Amino acid sequence: MRQLNLFEKDEIITGAPAKAANHSYRHCLKGKFAGLLHEELRLANLVSYVGNKGIPVLRLYRYKEAFAFRFVEEFISRFGLCEKDYIFDPFCGMGTTLFAASQKGIPSIGVDKLPIAVFVAQTLPLFYTLEPGQIKETFEKLRTKVLQAPPAVIALDVTIMKVAFPPDTLLALRKWKTVIDDLESPLRDVFLLLFLSILEPCSYTSKDGQFLRLIREKKVADTEEALQGKVYEAERDIRLVKEIRWKQPVQSPAVYLGDTRNLSDIAFECQPTAIITSPPYANRYDYTRTYSLELCFHFVRNFAELKDLRFSILRSHIESKVDSREKPPHRAVSEVVDILRERGKALNNPRIPDMLTGYFVDMQRVITEWAWVLGPGARVAMVVDNVRFEGESLPVDLVLSDMAEEAGFQVEEIIVARYKGNSSQQMGKYGRVPVRESIVIWRKP
Ligand SMILES: C[S@@+](CC[C@H](N)C(=O)[O-])C[C@H]1O[C@@H](n2cnc3c(N)ncnc32)[C@H](O)[C@@H]1O
């Protein structure tokens with residue numbers, strides 16, 4: 001662990017001339033939190049999903065925004081959590097936190113606004129309830145029915161659905177979807193998860209970096225072969241879980257489709273004693289685009305529903321709508337938003353100031369909700385990425401920590417897990433300036 005010497009890295013991070021930086025709100029924030037900021041770069045591998053490739057069951061669905069199972073284990077241990085605790089993940093994604101908590105026998109609860117994420121988080125524990133051979137046997141039965149099956153109704157009016165698949169593949173996928181829908185639970189959900197995980201390999205798309213990219217020359221996988229491959233992977237994991245005697249969760253984690261900006265409808269069993277989480281980053285990433293194939297196959301009926309979903313998630317993407325009365329809720333954010341607005345049309349994307357405004361307004365609401373639902377003494381570990389647009393850096397970790405203090409939390413630590421390079425476009429124009437990916441640690445007194 002190395003404490004950072006009054007932002008030696010941050011001088012690189014702001015990229016701004018020292019004189020201007022000295023007078024900025026961002027610089028004040030740096031001064032305020034300097035003593036709490038330190039590097040633990042050995043955590044770098046734990047803040048990405050890559051570490052989950054070796055974890056049975058969790059690896060069956062690639063939710064690439066997930067953090068690693070070991071990350072959650074690490075913070076369960078650092079916080080000294082046990083069976084008497086109650087862990088909350090307000091942006092639970094595929095449920096990594098909940099999955100790791102249940103391995104330790106700790107009750108947990110998760111919320112996410114994206115139906116595919118909630119579905120994966122609810123379905124992964126079902127794999128424990130199956131016996132070896134059950135999935136393979138069901139697959140063989142489905143195989144005899146699929147040719148005769150009518151194609152399932154899916155959201156075909158969404159543009160990407162018209163170009164993502166070769167026509168034969170799309171038809172085969174729709175027929176498989178029909179026979180899967182006819183199964184009884186838990187096999188229906190288990191098969192649906194395996195089915196959704198093959199949509200990307202069976203398409204011309206690739207979940208690349210920030211986008212769902214269309215690659216016309218991509219070799220598309222055969223539907224039946226791809227599903228069979230997943231069936232084998234699932235069988236392998238079910239056997240493995242039994243061999244290594246992983247505990248079947250005493251009680252499956254509760255997972256809600258909900259909005260963490262308003263937790264009033266969430267049925268908490270008691271006040272959570274810890275949050276281990278990671279929100280969307282303020283980096284233009286749109287979950288409803290990356291997961292549009294999965295959403296169109298099962299979770300939305302048409303483009304209108306997909307669009308509604310896009311505008312209902314946290315405002316971390318470029319199409320986010322901002323009311324003219326909404327203002328950045330922190331001076332460091334206003335500072336960046338004002339600089340970017342002044343550049344007007346010269347901005348690479350003129351919607352970035354609105355996105356940043358919406359993002360921090362939303363995160364302020366989120367933090368206020370957490371301050372309300374958590375029990376006294378509860379700890380928060382949250383992974384966040386700082387961002388940099390047009391040479392202007394925004395220390396998201398410090399801004400959110402400052403907001404957390406205002407909401408009544410104590411900021412205990414800001415751990416730098418890794419530094420990320422900026423885009424080649426920005427690098428050419430503004431120089432190579434790495435930005436932090438940090439873990440903020442807060443406590444409710
Ligand atoms: C970085 S991911 C979390 C991944 C998670 N840690 C995991 O291991 O799978 C952020 C999540 O926030 C969700 N999200 C976006 N807006 C939300 C909102 N308003 N309320 C709750 N979840 C939201 C996204 O759908 C996404 O799953």
Review point. Just for segment 101-124: of the residues that are of a type in the set (Gly, Ala, Ser), assigned to a helix (DSSP H, G or I) and closer than 25 Å to Phe191 by Cβ, which one is modelled with the lowest pLDDT?
Key: Ser102
Study note, to complete from the structure: Within segment 143-184, residues touching a residue at least 24 places away in the same chain (Cβ under 8 Å) and basic (Lys, Arg) come out as Arg143, Lys145, Lys175, Lys177
Exercise for review: Take segment 54-71 and flag every residue that is buried (at least 22 other Cβ atoms within 10 Å of the Cβ), within 8 Å of the ligand (Cβ to nearest atom) and in contact (Cβ under 8 Å) with a residue 60 or more places away in the chain.
Suggested key: Phe67
Review point. Tell me, which residue of segment 87-100 that is near the ligand (Cβ under 9 Å from one of its atoms) and not in a helix (DSSP H, G or I) is surrounded by the fewest Cβ atoms within 10 Å (Cβ to Cβ)?
Key: Phe91
Practice item. Working carefully through the options Val337, Val300, Val322, find the one that is more than 16 Å from the ligand (Cβ to nearest atom) and either out of contact with any helix residue (DSSP H, G or I) (no Cβ under 8 Å at 6 or more places or on another chain) or not charged (D, E, K, R) (or both). Key: Val337
Review point. Going by the conditions given, is Arg245 touching a strand residue (DSSP E or B) at 6+ places or on another chain (Cβ under 6 Å) and surrounded by fewer than 16 Cβ atoms within 10 Å (Cβ to Cβ)?
Key: no
Check your understanding: Identify, please: which residue in segment 112-159 is among the hydroxyl-bearing types (Ser, Thr, Tyr) and open to solvent by 10 Å² or more (accessible area, probe 1.4 Å) and is, among those, farthest from the ligand (Cβ to nearest atom)?
Key -> Thr144
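On the basis of being of a type in the set (Phe, Trp, Tyr) and exposed (fewer than 15 other Cβ atoms within 10 Å of the Cβ), does Phe311 make the cut?
yes
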Revision key, fill the gap. In segment 101-111, anything in contact with a Leu (Cβ under 9 Å, 6 or more places away or on another chain) and more than 6 Å from the ligand (Cβ to nearest atom) is listed as Ala101, Lys104, Ile106, Ser108, Ile109, Gly110
Study note, to complete from the structure: Restricted to segment 259-281 and to residues being touching a strand residue (DSSP E or B) at 6+ places or on another chain (Cβ under 6 Å) and more than 12 Å from the ligand (Cβ to nearest atom), the residue nearest to Arg70 (Cα to Cα) is Ala274
Review point. Of the residues Asp354, Asp362, which single one is without any contact (Cβ under 8 Å) to a residue 60 or more places away in the chain and outside any loop (DSSP other than H, G, I, E, B)?
Key: Asp354
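Tell me which residues, restricted to segment 342-363, are within 13 Å of the ligand (Cβ to nearest atom) and either open to solvent by less than 10 Å² (accessible area, probe 1.4 Å) or in contact with a helix residue (DSSP H, G or I) (Cβ under 9 Å, 6 or more places away or on another chain) (or both). Don't jump to the end; show me each part of the working.
Pass one, segment 342-363, residues within 13 Å of the ligand (Cβ to nearest atom): 358-359, 361-363.
Passing the criteria: Gly358, Tyr359, Asp362, Met363.
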Practice item. Scan the strands (runs of 3 or more DSSP E) fully inside segment 377-421 and keep the ones with 2 or more residues being open to solvent by less than 10 Å² (accessible area, probe 1.4 Å). Key: 379-385, 392-394, 410-420
Point to revise | Flag if His23 is closer than 19 Å to His330 by Cβ, modelled with pLDDT under 95 and buried (at least 17 other Cβ atoms within 10 Å of the Cβ) | key: no
Check your understanding: So is Val220 modelled with pLDDT of 95 or more and not in a helix (DSSP H, G or I) or not?
Key -> yes
Check your understanding: Restricting attention to segment 300-309, does a residue exist that is small (Gly, Ala, Ser), more than 23 Å from the chain's Cα centre (by Cα) and within 30 Å of Arg432 (Cα to Cα)?
Key -> no
Exercise for review: Out of the residues in segment 186-210 that are at negative phi and without any contact (Cβ under 8 Å) to a residue 12 or more places away in the chain, state the one that is most open to solvent (accessible area, probe 1.4 Å).
Suggested key: Arg188
Check your understanding: Just to be sure, is Ser278 of a type in the set (Gly, Ala, Ser) and crowded, with 18+ Cβ neighbours inside 10 Å?
Key -> yes
Revision key, fill the gap. Sole miss for Leu81 among (1) touching a Lys or Arg at 6+ places or on another chain (Cβ under 8 Å); (2) near the ligand (Cβ under 10 Å from one of its atoms) is condition (2)
Practice item. Assess whether Tyr285 counts as being open to solvent by less than 40 Å² (accessible area, probe 1.4 Å) and either touching a strand residue (DSSP E or B) at 6+ places or on another chain (Cβ under 9 Å) or within 11 Å of the ligand (Cβ to nearest atom) (or both). Key: yes
Check your understanding: When you go through Leu240, Leu263 one by one, which is the residue that is in contact (Cβ under 8 Å) with a residue 40 or more places away in the chain, more than 30 Å from Arg436 (Cα to Cα), open to solvent by less than 70 Å² (accessible area, probe 1.4 Å) and among the aliphatic types (A, V, I, L, M)?
Key -> Leu240
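The values are calculated or read from the model by the stated rules, or taken from the named source; none is laboratory data. Small disclaimer: the values here were computed from a predicted structure and weren't measured. Cβ sites come from the backbone with ideal geometry, for glycine too, and all protein chains shown count toward neighbours. The area values use the complete protein model at the heavy-atom level, side chains included, leaving out ligands, DNA and RNA. Shrake-Rupley method; radii C 1.70, N 1.55, O 1.52, S 1.80 Å.
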